[in-house]
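Reviewing the structure listed below.
The values are calculated or read from the model by the stated rules, or taken from the named source; none is laboratory data. Predicted model only: the values in this text are computed from it and were never measured. No Cβ is skipped: glycine too gets one built from the backbone with ideal geometry, and neighbour counts run over all protein chains shown.
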Amino acid sequence: MYSDKVIEHFMHPRNVGKIEDADGVGKVGNPVCGDVMWIYIKVKDGKIVDCRFETFGCAAAIASSSVTTEMIKGKTIEEALKITNKAVAEALGGLPPQKMHCSLLAEQGIKAAIEDYMRRRKKGEEKGA
Amino acid sequence: MVYLDNNATTPIDRRVYEAMSPYLFEKFGNPSTLYSIGAEARAAVEEARKRVADLVGARPDEIVFTGCGSESDNMALKGVAFAHMERGKHIIVSSIEHHAVLNTAAYLEKIGFEVTYLPVDRYGMVDPDDLRRAIRSDTVLVSIMLANNEIGTIQPVKELCSVSHEKGVLFHTDAVQAAGKLKIDVEELGVDLLSLSAHKIYGPKGVGALYIRKGTKIHPLIHGGHQERGRRAGTENVAGIVGFGKAAEIALQEMEEEAVRIAELRDRLEMGILERIEDVIVNGHPERRLPNTTNISFCYIEGEAIILKLASRGIYASTGSACSSDTLEPSHVLMAIGLSPEVGHGSVRFSLGKFNTADDVDRTLEVLPEVVSNLREMSPFWRRKNVQR
């Protein structure tokens, strides 16, 4: 049912864990549906220099989280915001139709983490001013 | 390979295969034909009918062979509903039935029947008083399974059946999962209809049976020839039926001893998991449970992930997490016993069988804690829980 790429990321997920001093955290999903994804990002000079995840979910959810952290590391905020769930699914060699929501969760996770980063930065600027 | 998914299906017993194989080759005749290879096949089908009847304490002419357990359930519900619709259009089922019953009931609702879904307690038991209250003057059938396929809970079918009969309502039980694991006697239970399947008792796939108490009014699902005394048309699956007969014969002989052995292995697995892994919940009734089944929720992680990690190590089990289905909701059984969806998503069913050994259990106990802790390390809930402590 899963591509080799999904299984490979699921068995050996990249960038698992929390970033203690993260600049942005995106918490998406719903435990009722069986998937919750937390994405942590570290940003320097408008670039995502580190990204980690914690996920409660199925193999597709874990693989989507893992491949997404790989995709956005080194990207600028603008570039990262352009990543779609389709791109996530493609990077995994495709997902079964009933698992496409896992890639959507990853897209939402990045966006939520970046929004959180922007919010914190704005707050910081207001404080500074 | 460690196969712990025997409630899904079982491998065929070699003795079953050997009994079947002549009926695929030299004894290939159609039981409806007059000449000798036809008569041979007919005799073999009737011999198998006797053996399947013996497994449940029925008379051979009360057994109808079908294509699978699901067909048996369909025939029981639709066949009885259609035969009695002038008397009434109300049916009662439990909320933890197999989908073969639940979706058939839902279909009947769509075409104008009314269905009451009885709740279960946290162990998965139906309360006979709930049934008594649910029966109406237009109720034509009650269908409550003998043992649940996911959590193994055994229903008080004898009691439920007598409640039903007090009010003159027919009673069907899906015994697909109970057969070969529990002693079944249709006379003692009192049921009017009972579903069976061959592939759950080391027989072949593609053959089931429905016990229909003599005198029970029922319509056939499949119309055509006179096979099965007009109750199920179509040329008999002779080899499959012979295999079912052999599997039933073996089950009857070996069940008692096997049930004890398998229960010991199951308990060893369950105790071992409870000793080695924290935050686990055993689902199902502590005593009234199939001897081979244990259903365990591993909190903070998701079942499909557990199953795939186990499979990569050669251990096969199944999950009640339906992250793969369209609804995204965990199994209706786990929801009905009151688990929260998150806990339901983390449930795994281990179902043992006659080919399992103590080594299989020990291997599972060696691998499972590692799989669980590996997934928990990834889970945001696990860390948060540990921070909170």
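Check off (1) under 22 Å from B:ASP121 (Cα atoms); (2) among the small types (Gly, Ala, Ser); (3) within 10 Å of chain A (Cβ to nearest Cβ) for B:SER331 and give me the number that stays unchecked.
For B:SER331, the exception is condition (3).
Considering only residues that are more than 11 Å from B:PRO380 (Cβ to Cβ) and modelled with pLDDT of 95 or more, look in the range A:29-43 and name the one that is nearest to the other protein chains (Cβ to nearest Cβ).
Filtering the range A:29-43 for residues that are more than 11 Å from B:PRO380 (Cβ to Cβ) and modelled with pLDDT of 95 or more, the one nearest to the other protein chains (Cβ to nearest Cβ) comes out as A:ILE41.
Looking at the range A:69-102, which of its residues are under 23 Å from A:ILE19 (Cβ atoms), polar (S, T, N, Q) and within 14 Å of chain B (Cβ to nearest Cβ)?
Selection gives A:THR69 alone.
For (1) modelled with pLDDT under 95; (2) of a type in the set (Val, Ile, Thr); (3) out of contact with any Cys (no Cβ under 9 Å at 6 or more places or on another chain), each residue gets a yes or a no:
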| position | (1), (2), (3) |
| --- | --- |
| B:ILE92 | no, yes, yes |
| B:SER95 | no, no, yes |
| B:HIS98 | no, no, yes |
| B:ASN103 | no, no, yes |
| B:LYS110 | no, no, yes |
| B:VAL115 | no, yes, yes |
| B:ASP138 | no, no, yes |
| B:LEU160 | no, no, yes |
| B:PHE171 | no, no, no |
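How many residues does the range B:317-338 hold that are at pLDDT 90 or above and either in contact with a His (Cβ under 6 Å, 6 or more places away or on another chain) or surrounded by fewer than 16 Cβ atoms within 10 Å (Cβ to Cβ) (or both)? Break it down stepwise before answering.
Kept after step one, since they are at pLDDT 90 or above, are these residues of the range B:317-338: B:317-319, B:331-338.
When the remaining residues are screened for being either in contact with a His (Cβ under 6 Å, 6 or more places away or on another chain) or surrounded by fewer than 16 Cβ atoms within 10 Å (Cβ to Cβ) (or both), the result is B:338.
So the answer is 1.
Of the conditions (1) away from chain A (no Cβ under 14 Å); (2) assigned to a loop (DSSP other than H, G, I, E, B), B:ARG261 satisfies every one except a single condition; which number is it?
Condition not satisfied by B:ARG261: (2).
Whether any residue in the range B:283-296 is closer than 20 Å to B:ASN6 by Cβ, in contact (Cβ under 8 Å) with a residue 60 or more places away in the chain and within 14 Å of another protein chain (Cβ to nearest Cβ) is what I want to check. Write out each step before concluding.
Taking the range B:283-296 and keeping what is closer than 20 Å to B:ASN6 by Cβ, we get B:283-285, B:288-296.
With the extra rule that they be in contact (Cβ under 8 Å) with a residue 60 or more places away in the chain, the set shrinks to B:283-285, B:288-295.
With the extra rule that they be within 14 Å of another protein chain (Cβ to nearest Cβ), the set shrinks to none.
The answer is no, given that none of the residues of the range B:283-296 is closer than 20 Å to B:ASN6 by Cβ, in contact (Cβ under 8 Å) with a residue 60 or more places away in the chain and within 14 Å of another protein chain (Cβ to nearest Cβ).
Quick test for you: out of B:ILE301, B:ILE306, pick the one residue that is aliphatic (A, V, I, L, M), within 14 Å of chain A (Cβ to nearest Cβ) and in a loop (DSSP other than H, G, I, E, B). Lay out the reasoning, then the answer.
Working: B:ILE306 fails: in a loop (DSSP other than H, G, I, E, B).
Only one candidate passes the filter, namely B:ILE301.
Kindly evaluate B:GLY245 against the criterion of being closer than 20 Å to B:LYS50 by Cβ and touching a residue at least 12 places away in the same chain (Cβ under 8 Å).
Numbers: closer than 20 Å to B:LYS50 by Cβ: yes; touching a residue at least 12 places away in the same chain (Cβ under 8 Å): yes.
Against the criterion (closer than 20 Å to B:LYS50 by Cβ and touching a residue at least 12 places away in the same chain (Cβ under 8 Å)), B:GLY245 qualifies.
Testing A:GLY46 on (1) more than 11 Å from chain B (Cβ to nearest Cβ); (2) within 17 Å of A:LYS111 (Cα to Cα); (3) surrounded by 15 or more Cβ atoms within 10 Å (Cβ to Cβ), one condition comes back false. Which one is that?
(3)
Can we say B:VAL16 is touching a residue at least 60 places away in the same chain (Cβ under 8 Å) and not small (Gly, Ala, Ser)?
On the way: touching a residue at least 60 places away in the same chain (Cβ under 8 Å): yes; not small (Gly, Ala, Ser): yes.
Yes: the conditions hold for B:VAL16.
Which of the residues belonging to the range B:270-298 are of a type in the set (Asp, Glu), in a loop (DSSP other than H, G, I, E, B) and over 26 Å from the mean Cα position of the chain (by Cα)?
In the first step, residues of the range B:270-298 are kept if they are of a type in the set (Asp, Glu); the result is B:270, B:275, B:278-279, B:287.
Still in the list and also in a loop (DSSP other than H, G, I, E, B): B:278-279, B:287.
Across the range B:270-298, the qualifying residues are B:GLU278, B:ASP279.
Take the residues in the range B:19-44 that are part of a helix (DSSP H, G or I) and either touching a residue at least 40 places away in the same chain (Cβ under 8 Å) or not assigned by TED's automatic domain parsing to the domain that holds B:GLY225 (or both), then tell me which one is farthest from B:PRO60 (Cα to Cα).
Looking only at the range B:19-44, we keep the residues that are part of a helix (DSSP H, G or I), and these are B:19-23, B:36-44.
In the following step, the residues that additionally are either touching a residue at least 40 places away in the same chain (Cβ under 8 Å) or not assigned by TED's automatic domain parsing to the domain that holds B:GLY225 (or both) were identified as B:19-21, B:23, B:41, B:44.
Working: B:ALA19: 20, B:MET20: 20, B:SER21: 23, B:TYR23: 21, B:ALA41: 16, B:ALA44: 13 Å.
The residue in question is B:SER21.
Could you list, in sequence order, the residues of the range B:65-75 that are assigned to a helix (DSSP H, G or I) and within 15 Å of B:GLU228 (Cα to Cα)? Give the steps one after another, and end with the answer.
Kept after step one, since they are assigned to a helix (DSSP H, G or I), are these residues of the range B:65-75: B:69-75.
Once the filter is applied, which keeps residues that are assigned to a helix (DSSP H, G or I) and within 15 Å of B:GLU228 (Cα to Cα), the range B:65-75 yields B:GLU71, B:SER72, B:MET75.
Quick one: count up the residues across the range A:7-24 that are touching a strand residue (DSSP E or B) at 6+ places or on another chain (Cβ under 7 Å) and at the interface with chain B (Cβ under 10 Å from one of its Cβ atoms).
Step one: list which residues in the range A:7-24 are touching a strand residue (DSSP E or B) at 6+ places or on another chain (Cβ under 7 Å), which gives A:15-19, A:22-24.
So of that shortlist, the ones also at the interface with chain B (Cβ under 10 Å from one of its Cβ atoms) come out as A:16-18.
Total meeting the criteria: 3.
Go through the range B:253-269 and report how many residues are buried (at least 18 other Cβ atoms within 10 Å of the Cβ) and not basic (Lys, Arg).
Summing the residues that are buried (at least 18 other Cβ atoms within 10 Å of the Cβ) and not basic (Lys, Arg) in the range B:253-269 gives 6.
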